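Some notes on the structure that comes next.
Rule-based calculations on the coordinates, nothing more; no lab input. Fair warning: this is a prediction, and the values are worked out from it, not measured in the lab. All Cβ positions, glycine included, derive from the backbone under ideal geometry; neighbour counts span all protein chains shown.
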Amino acid sequence: MVPCAYCEKPLICEECGAEFVPPTDEHYRALSEPGRTIECPECGEVLVCHWCKAPYAASDEEEPWAD
Ligand SMILES: [Zn+2]
Ligand SMILES: [Zn+2]
């Protein structure tokens, strides 16, 4: 399994519930680089962590999970 970069729980897609498995080394590296957009290989949506709701998206202008 791959841990979420934000909460370190197993990374699961909020959209479809699939466990995220990086299909390529590029995807794996992107996980540790803030500002990279990662799409779920299963549903094609931008990956959002099921646990902490953090989106793996390029835009950092919105932080809906911050309080
Ligand atoms: Zn998370
Ligand atoms: Zn998905």
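Put a dot 7 Å past each Cα toward the Cβ at GLU8 and GLU42; how far apart are the dots in nm?
So the label points at GLU42 and GLU8 sit 2.4 nm apart.
Sequence gap at least 6, Cα distance under 8 Å: using those rules, report the relative contact order of the chain to the nearest whole percent. Each step should come with its number before you reach the end.
Working: 104 pairs, mean separation 19.8, N = 67.
The value is 29 percent.
Listing THR24, THR37 from the residue with the fewest other Cβ atoms within 10 Å to the one with the most, what is the order? Kindly include the intermediate steps, with their values, before the conclusion.
Values: THR24 9, THR37 12.
Neighbour counts put them in this order, fewest first: THR24, THR37.
In debye, nearest 20: dipole of the chain around its Cα centre with unit charges on the Cβ of K, R (+) and D, E (-)? Could you put the intermediate results ahead of the total?
Details: 4 positive and 15 negative charges, 47 e Å.
The calculated dipole for the chain is roughly 220 debye.
Charges on Cβ only, +1 for Lys and Arg, -1 for Asp and Glu, centred on the Cα centroid of the range 1-60; of PRO41, CYS13, CYS52, which one is farthest towards the dipole's positive end?
Among PRO41, CYS13, CYS52, the one farthest towards the positive end of the dipole of the range 1-60 is CYS52.
Calculate, in whole percent, how much of the Cα-Cα pair population of the chain lies beyond 13 Å. Spell out each step's value before the answer.
Details: 1300 of 2211 pairs.
Roughly 59 percent, rounded to a whole number.
Could you please rank VAL2, VAL46, placing first whichever residue has the fewest other Cβ atoms within 10 Å of its Cβ?
VAL2, VAL46
Report the label-to-label distance for GLU26 and ALA58 in nanometres (one decimal), using points 7 Å from each Cα along the Cα→Cβ vector.
Going by the 7 Å Cα→Cβ label model, 1.3 nm.
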